[in-house]
Structures are given as structure tokens and as C-alpha cells.
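Below you'll find the structure, written out as C-alpha cells, and then a few comments.
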Amino acid sequence: MIVFIWAASSLLLLALQALRVGIGFHVHPLGEDLVWIRMMANYPGFEMDRQWWSLASRNPLAPWWYQAFSSLIFRLPEGLYLVRKLVDLFLAVSVYLLVDQVSRARIPKFACACGVLVLFWNFSGYLDQILWVTLVAFGLSMLSVYFYCRYLDSGRGAAEYFVVSLLLFFMALATYSIQCGVPIAVFLLGLFRRQETTRAWRLSSAAFTATKDAFLFCVLLVLFLQIWITTSGPTSSYFHLDPGLFLKQLPVSVVNLAWHSDTSALIRSLYRHWPLWSVVASVGAAIILFYWLFAVIAKSEATVSTTGMSVDILDLVLVLTVFCALVAPTVLLEATTTTWYPGSRSLMVQQGFQPGVYLSILFLLTEYLFRRTGRGVEYVRNVGIAWLCASAAVIGLEYNRQLSEQTMFERKLETGLKKIIPALGKPTHFVVKMKGMKMGVWVSGVNSPMPSLFVETAYNSNKVWLDPVYEGKPKASKPVTFGSDEQGIYSPESGGWVPYQDVIFLEFDGQRVTRLESIDRETFAGYGALYAREKPLAAGF
């Protein structure tokens, strides 16, 4: 069912794309995606992996994932977005396998609901696909715990499951170093997960074996950290932790992990850009559809229940605990550093974490009520699942609309630039007046050096820069500055003064790019640029 729903949702995107409603697969690399695109273009083969390590000195397997999917990424403009959709399926299946195994396959609707909700919970505050590698790492962590759980359920007899679990943990750790919560989950499962084949359970024996298993995972973690510290360059100070921030930042980090502020922003955007009737109709139709799907699962689940097996609340609690254990390092990091402030890293795990937590709480509450009030509570459970899935699906469509909107914005800007300057014959600086736009309209154009990365990618050149100038007061301490004829123009993107003969002045209104033939003090009045010269720039400057 998870694969079927993933395919159906992809077909829905294609249908909406054909209807030209601003939603679909026309999503190109944006923002930080271009860092990887340029790195792959500049450093083919293994050189890209070495350049990544010299640049960031962390997450050594991250560039290898880009290389693995490089053919798809470069074959189509939408290639990276297609990779992101494949990651949705991978993460959903990983969550399903973990939840189903920990809950002993007794609640198929619970496991399936978690997987389906993960498919639609693919939105965040990032309007680029940079999260896909960190989500792969999170999926690998969950698969590591899944195989460890299978090892426990085999009576610790299937040692190959334990080996696979260790290997998957190492892959997750080397892909995204914050994914080091597996030892905590392993310890908790080893301590509290009781075998069905034996009634005897001693805390001392369980604690010893759990500690022994978790110790092996910790050894792998320590060895990785030693290699990391040895090979890291000067950027090592970037990872300094300050325990004094813990009590102040921990509550904010936990709140954002439970419900991220970016999700609230997406909901507000949904109501700004969608007519109210379309929101109500979309959510209502989706609730009906998902309710029917999970009512079908409920019927098959009733057949399982007739075999005499009952749902163990401890298994549901363990599912919730495992998810919390896997994200504990993320919370700890956000609570002890100003570099990765609360909410900045939780975006890397929320697609896999939040659906599992929400549904675990839902099933725990309904299971508690079920034992007291009877079967009627099953309807509440089905409605809760349907409402979560429907809401996530509609919010996901709004997120896709934003991605498509930004893609179209950049395509129009690129087309306009190339119409005026088809090819570059020398180092070139673009200064673009963003007519009628405040900072934030172009998301990738907010922070340096993203505007220059955009034109570098468009022209496939490292000798081109772009400085956007928005409405309002200058945000930077040293904005675009028009100096004397001898000085030229100060470019924040290139970090220095540029001769006027190397600068091309343009205006972009969101639809067309036009060349500015002459510039005086009034041309950029009200925009974030300083005009520090007496005479205007005449045509042919």
C-alpha cells in the first residue's frame, strides 16, 4: 500500500502539472543544491569527495550519495527532485519496517499509517532538496535498529542481523555524523524488549546483554570520531559545544522537534495562496480517501486479533522511545551550540520522526481507551490517521507550489540573462535591480554567495557574479556601492571593487530582464544600494 500510495501521489503531481496550476515535478535545484551541482561539475570523479572534505571536514559519505545519483541529477533539470521523491519512499519503507518489527507485526495499520504519513510529511523550511542525504542517513539509522530488533527476536541466534545492523549504523554515521543515536535505541531495546518464547525476565541479565550490545555500537562511534578528529582541518573549532546553553536552548529545541515553526509558516502560506473552499475541499476529500484505506486495513487487522494475540502497550511505548532515542543527539547538539541553533537540525529528521511520534501517541491513547470502552474507539483512530495524512498531503502541495514558484522565478531570470548575454567572454559582474521586490521574494537570493552560484550554474563558469539589489534599506554593512570612475562599483558577492567595464546593470521585474542603459542617483533610489558619485553613468559606461 505504501508503494501504491507513493505512485498515486506522483501521478497526482503529474496531473496537476498538466493542468498548469503551479504544482508538479518542474522543480530545479535551488539554493544550497547549487553548491553540490557546481562541485560535481568542477571536480569530476573522486576529486569531488576530497574537495568536500577540505571544505567541510565532516560527513565523508555524503558526496558519495551525490555521485551515486549523478546520472539522474544531470540528465534532467528535475533530476534532483526525482531523487528526493525516491528518498520519500525509502524513508517511508524504513519507518514501516522499524515500527512493524518493534510492534511485533501485531498492528499492521499502525506500521502502514506511519509509512504513509512519512510519504506526505516531506515539507520543511528548506526550499531546496539539500535534506535528502540527511534523510537517507536517518533511514539507515532506523534500518540499523530494525535489524538489531530482528536479531533480538531470533533469540540472539541470527548473528548476521547484528552484523548488518552495525554496518548500517556506520553508513548512517559517516553520511551524517549527528546520526549517532542508534546505541541509545539498541540499549533500550536490549533492556526492555522481552522474548515471547520465555516468561522469565531478569533486569540484571537484560541490563548486561543490552550494555554489551550497545558497547559495540559505541566502539564504532568512538573509532569514527577518532578518525574524524585526526583528519579534520582548521574548521574543527566550528564544532565547539557549550554545555552552559543547555537549559536555555533545550526547551526550544524540543518544541521545534515536536512541531517546527516552519510548518506553521507553511500553513499560513497555504491560507494566503489557496482559496478557503479549495483547502476545505482538498482536506475533506483526502480524509474520506484515507479513512476508507485504513478502514480496509482495520478489517484485516481484526482477523489477526481473532488469533488470540493482543497489542502490548509496552511495544507501542518502545516504538515511541526508539524514535526519541534516534533524535536525542540532534536535540543535544541544538541545545549546546549557537552554530546550530534550536530548530535548525531538527529539520533533518522531522520527516521520519514526527509522523512516528504523532501516530504512536494516537495509538497509545486509543489502545488505552479501547481496553475500557470497546470497539467504537477504532473509529476515532481511523479518523485521526485520515486527518493527519490528509493535512500533510495538502501542506505538501503548498510546499511543492513554493518550490515550483521559485523554480519558475529562476528560469525566467536565467532566460533573461542569457537573452542579453548569451555567453561570457571575460569575468562578468551582474548587478540586478529587483524591481518592486523586497528581500525574500527570491529565496536563493537572500544570502551570499547563492546569487553568484545561480549564475555560475547558469553559465557553467566560475568567473561570473550576481548582486541583487532589493527595495528597502541596505541590509548589509557594505552594500552595492556606486563609486567614482576610478573606483568602480563595490560588489558584496565578489567582496571588492569592480571596474565599471566589467559590470552589466540589469533590471528584473519577475517576468523580464532589461538592460539599464544609463544610471543616475534616482535609478536605485529606495533600493539597497549606495550612490557615492556626483555624475550619472551614461550609456556605454
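The values are calculated or read from the model by the stated rules, or taken from the named source; none is laboratory data. Bear in mind the structure is a predicted one, so any value in this text is a computation, not a measurement. Heads up, the Cβs are rebuilt from the backbone with ideal geometry, glycines too, and the neighbour counts pull from every protein chain shown. Note: accessible area is taken over every heavy atom of the protein model, side chains too, but ligands, DNA and RNA are not part of it. Shrake-Rupley method; radii C 1.70, N 1.55, O 1.52, S 1.80 Å.
For segment 204-213, the criterion of being modelled with pLDDT under 85 and open to solvent by 40 Å² or more (accessible area, probe 1.4 Å) is met by at least one residue. Within segment 435-447, is there a residue that is without any contact (Cβ under 8 Å) to a residue 12 or more places away in the chain and of a type in the set (S, T, N, Q)? The answer is yes; a qualifying residue exists. When you look at Ser253, is it of a type in the set (S, T, N, Q), over 24 Å from the mean Cα position of the chain (by Cα), crowded, with 16+ Cβ neighbours inside 10 Å and assigned to a helix (DSSP H, G or I), yes or no? No; evaluated as a whole, the condition is false for this residue.
Going residue by residue through segment 358-368, is there one that turns out to be polar (S, T, N, Q), open to solvent by less than 20 Å² (accessible area, probe 1.4 Å) and out of contact with any Pro (no Cβ under 8 Å at 6 or more places or on another chain)? For segment 358-368, residues polar (S, T, N, Q), open to solvent by less than 20 Å² (accessible area, probe 1.4 Å) and out of contact with any Pro (no Cβ under 8 Å at 6 or more places or on another chain): present. In the set Val27, Val3, Val35, only one residue is hydrophobic (A, V, I, L, M, F, W, C), surrounded by fewer than 15 Cβ atoms within 10 Å (Cβ to Cβ) and in contact (Cβ under 8 Å) with a residue 60 or more places away in the chain; that residue is Val3.
Pairs meeting the criteria (first residue in segment 522-536 and closer than 13 Å to Glu471 by Cβ, second residue open to solvent by 60 Å² or more (accessible area, probe 1.4 Å), beta carbons under 6 Å, at least 6 apart or on different chains) are Tyr527/Glu471. Annotation: Ser264 fulfils all but one of (1) within 30 Å of Met1 (Cα to Cα); (2) surrounded by 12 or more Cβ atoms within 10 Å (Cβ to Cβ); the unmet one is (2).
Within segment 475-493, no residue that is touching a residue at least 12 places away in the same chain (Cβ under 8 Å) and farther than 16 Å from Phe524 by Cα sits with its Cβ atom under 7 Å from a residue that is open to solvent by 30 Å² or more (accessible area, probe 1.4 Å) and of a type in the set (Asp, Glu) at 6+ positions apart or across chains.
Here's the yes/no breakdown for (1) over 21 Å from Ile421 (Cα atoms); (2) β-branched (Val, Ile, Thr):
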| site | (1), (2) |
| --- | --- |
| Val455 | no, yes |
| Gly472 | yes, no |
| Tyr500 | no, no |
| Glu507 | no, no |
| Ser518 | no, no |
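For segment 7-49, a residue qualifies if it is among the polar types (S, T, N, Q) and modelled with pLDDT of 95 or more, and the qualifying residues are Ser9, Ser10, Gln17. If you go through segment 441-455 one residue at a time, how many are closer than 17 Å to Pro479 by Cβ, of a type outside the set (S, T, N, Q) and either touching a strand residue (DSSP E or B) at 6+ places or on another chain (Cβ under 6 Å) or open to solvent by less than 40 Å² (accessible area, probe 1.4 Å) (or both)? Number satisfying all stated conditions: 4.
Total residues in segment 493-519 satisfying the condition of being modelled with pLDDT of 90 or more, open to solvent by 50 Å² or more (accessible area, probe 1.4 Å) and part of a loop (DSSP other than H, G, I, E, B): the figure is 5. Look through segment 394-434, keep the residues that are touching a residue at least 60 places away in the same chain (Cβ under 8 Å) and assigned to a loop (DSSP other than H, G, I, E, B), and return whichever of them is farthest from Glu522 (Cα to Cα). Filtering first and then ranking leaves Lys426.
Conditions tested, residue by residue: (1) touching a helix residue (DSSP H, G or I) at 6+ places or on another chain (Cβ under 8 Å); (2) β-branched (Val, Ile, Thr).
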site: Asp315; (1), (2): yes, no
site: Cys324; (1), (2): yes, no
site: Ala328; (1), (2): yes, no
site: Leu333; (1), (2): no, no
site: Thr337; (1), (2): yes, yes
site: Tyr341; (1), (2): yes, no
site: Ser346; (1), (2): yes, no
site: Gln350; (1), (2): yes, no
site: Val357; (1), (2): yes, yes
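Can you pull out every residue in segment 482-492 that is more than 22 Å from Glu456 (Cβ to Cβ), in a strand (DSSP E or B) and open to solvent by 20 Å² or more (accessible area, probe 1.4 Å)? Give the steps one after another, and end with the answer.
Restricting attention to segment 482-492, the residues satisfying the condition of being more than 22 Å from Glu456 (Cβ to Cβ) are 482-487.
Still in the list and also in a strand (DSSP E or B): 482.
Answer for segment 482-492, where residues must be more than 22 Å from Glu456 (Cβ to Cβ), in a strand (DSSP E or B) and open to solvent by 20 Å² or more (accessible area, probe 1.4 Å): there is none.
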